[in-house]
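**Student:** There's a structure below that I have some questions on.
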Amino acid sequence: MTRSVERIFSFEFFPPATPEGVAKLRATREQLAQLRPRFFSVTFGAGGSTRDRTLAAVVEIQASGQRAAPHISCIATYRQHGIGHLVALRGDLPSGSADVGEFRYANELVEFIREETGDAFHVEVAAYPEYHPQARTPHEDLANFKRKIDAGANSAITQYFFNAEGYYHFVDQARAAGVGVPIVPGIMPILSFSKLARFSDACGAEIPRWIRRKLESFGDDASSIRAFGLDVVTRLCDDLLAHGAPGLHFYTLNQASLTKIIWERLKLS
Ligand code: FAD
């Protein structure tokens with residue numbers, strides 16, 4: 001069975017810092033473009049430190065005929081480059097910095113984008129099925145998520161997770177609170193245990209015990225990690241799509257291979 005591509009599939013990159021990284025990303029993008037995603041997004045670094053590189057990456061993607069969506073904490077010069085799709089985030093302050101910048105929270109950024117640019121941009125915001133690490137309570141975090149939608153966001157992409165039940169619960173709660181926009185699950189292919197553990201500690205995503213224990217047990221055996229990770233993540237994606245997820249957003253880490261294999265296994269032609 002082939003699933004329809006009407007759902008929203010997107011791939012995330014980080015802005016490369018070296019000429020080699022730029023060339024590698026170009027090759028990755030060319031491979032993933034064959035999967036015909038709705039858009040490619042490009043992250044920014046803490047405190048806007050990669051703004052120029054993020055801009056350069058999205059301009060190159062857009063010039064190749066694909067739709068590019070920078071993750072932003074300020075709208076900067078994107079509009080004049082014909083960018084119509086943004087991922088609006090508060091971002092995290094560089095550690096030790098006390099400067100909160102122009103916007104304390106992402107809902108203020110979304111409001112600003114709408115005030116300044118009307119409907120010029122399709123605006124995505126972040127969602128946290130396992131709740132944002134700084135959230136005081138799940139209830140407040142959901143209310144804060146809704147603020148971003150009420151401020152005019154068109155859709156949301158979630159932090160990655162491995163427990164689909166948490167996502168379903170979050171979507172149910174959001175719907176009950178009156179949020180109607182698509183909430184697209186963020187998917188993290190498993191490249192290595194140490195990297196995954198580091199990201200997860202930083203962003204508060206839970207690695208279920210059974211996954212952690214299995215990955216740890218493989219030690220340096222990269223092919224076992226890869227095979228197990230592909231099975232786990234493919235099954236997660238399959239479950240999400242079968243339960244009506246509106247699409248998938250892959251945190252590609254600028255590598256095409258795992259995302260492509262998952263895509264093929266899901267028969268998302
Ligand atoms: P917000 O929605 O502002 O929420 C931040 C915290 O404040 C939450 O705890 C929330 O409950 C609380 N809050 C929100 N609004 C209010 C309010 N009005 N009053 C009181 N409390 C409030 N980071 C990067 O640095 N670069 C990236 O490119 C990047 N891309 C990402 C992409 C996705 C899909 C996701 C899910 C995250 C990404 N992040 C990125 C991480 C993100 O910047 C951090 O998680 C950041 O801490 C929160 O950003 P936010 O936009 O979700 O913030």
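**Student:** When a footprinting reagent is the concern and you count Cβ atoms within 10 Å, what order do 184, 42 take, fewest first?
**Tutor:** If I rank by nearby Cβ atoms, fewest first, I get 184, 42.
**Student:** Check residue 8: other-chain or 5+ apart residues with amide H under 5 Å from its amide H, H built from backbone geometry?
**Tutor:** Residues meeting the amide H criterion: 247, 248.
**Student:** Determine, for 78, 105, the number of other Cβ atoms within 10 Å of each Cβ, and report the residues in order from fewest to most.
**Tutor:** Ordered by Cβ neighbours within 10 Å, fewest first: 105, 78.
**Student:** While we're looking at this one, here's another question. With each label point set 7 Å from Cα along the Cα-Cβ vector, what nm distance links residue 224 and residue 52?
**Tutor:** Going by the 7 Å Cα→Cβ label model, 4.6 nm.
**Student:** Sort 124, 165 so that the residue with the fewest other Cβ atoms within 10 Å of its own Cβ comes first and the one with the most comes last.
**Tutor:** Ascending number of Cβ neighbours within 10 Å: 165, 124.
**Student:** Starting from the amide H of residue 184, placed 1.01 Å from N in the peptide plane, find each other amide H under 5 Å away whose residue is 5 or more places distant or on another chain.
**Tutor:** The list, which skips near neighbours in sequence, is 156, 157, 158.
**Student:** Follow-up question, since we're still on this one. Suppose a student asked you for the relative contact order of segment 116-269, using Cα pairs under 8 Å spaced at least 6 residues apart; what percent would you report?
**Tutor:** Taking the mean separation of contacting Cα pairs over the length of segment 116-269, I get 24 percent.
**Student:** Looking at 155, 15, 189, which one has the Cα that reaches farthest to the positive end of the dipole of segment 8-265 (charges on Cβ: Lys, Arg +1; Asp, Glu -1)?
**Tutor:** Comparing the listed Cα positions along the dipole, 189 ranks first.
**Student:** For the chain, state the average projected area of the convex hull of the C-alpha atoms over all orientations, rounded to one decimal in nm².
**Tutor:** Projected over every direction and averaged, the Cα hull of the chain covers 14.4 nm².
**Student:** Assigning unit charges at the beta carbon (Lys, Arg +1; Asp, Glu -1) and nothing else, what dipole magnitude in debye, to the nearest 20, does the chain show about its Cα centre?
**Tutor:** 600 debye
**Student:** Search the structure for amide H atoms under 5 Å from the amide H of residue 87, placed 1.01 Å from N in the peptide plane, and list their residues when 5 or more places away or on another chain.
**Tutor:** Sorted by chain and number, the residues that satisfy this are 71, 72, 124.
**Student:** Between residue 80 and residue 210, how many nm apart are label points set 7 Å from Cα along the C-beta direction?
**Tutor:** Output for this residue pair reads 5.5 nm.
**Student:** Sticking with this one: Can you give the local net charge around residue 44? Use residues other than it whose beta-carbon is closer than 9 angstrom to its beta-carbon, Lys and Arg +1, Asp and Glu -1.
**Tutor:** With Lys, Arg at +1 and Asp, Glu at -1, the net is +2.
**Student:** Membrane-span-like helices in the chain: DSSP H runs reaching 24 Å or more (Cα, own axis), mean Kyte hydropathy at least -0.5?
**Tutor:** 222-242
**Student:** Okay, moving on. Provide the percentage of antiparallel DSSP beta bridges, counting only those with both residues in the chain; round to the nearest 5.
**Tutor:** Of all bridge pairs located within the chain, approximately 0 percent are antiparallel.
**Student:** Right, something else. So if I take the centroid of the Cα atoms in segment 132-190 and the same for segment 236-260, what is the distance between those two points in Å?
**Tutor:** Here the two parts' Cα centres lie 17 Å apart.
**Student:** Please report how many Lys pairs in segment 8-265 have alpha carbons closer than 26 angstrom, counting only residues at least 8 apart along the chain or sitting on separate chains.
**Tutor:** Qualifying lysine pairs in segment 8-265: 5.
**Student:** Then there's this: Let me have the relative contact order for the chain, percent, based on Cα pairs under 8 Å that are six or more residues apart.
**Tutor:** After rounding, I find 22 percent.
**Student:** Let's test the formula: R0 of 35 Å, r as the Cβ-Cβ distance of residue 264 and residue 143. What FRET efficiency results, to the nearest 0.05?
**Tutor:** After rounding to 0.05, the efficiency reads 0.30.
Each reported figure results from applying straightforward, stated rules to the coordinates on display, with no laboratory input. All values derive from a computational prediction rather than experimental measurement. Heads up, the Cβs are rebuilt from the backbone with ideal geometry, glycines too, and the neighbour counts pull from every protein chain shown.
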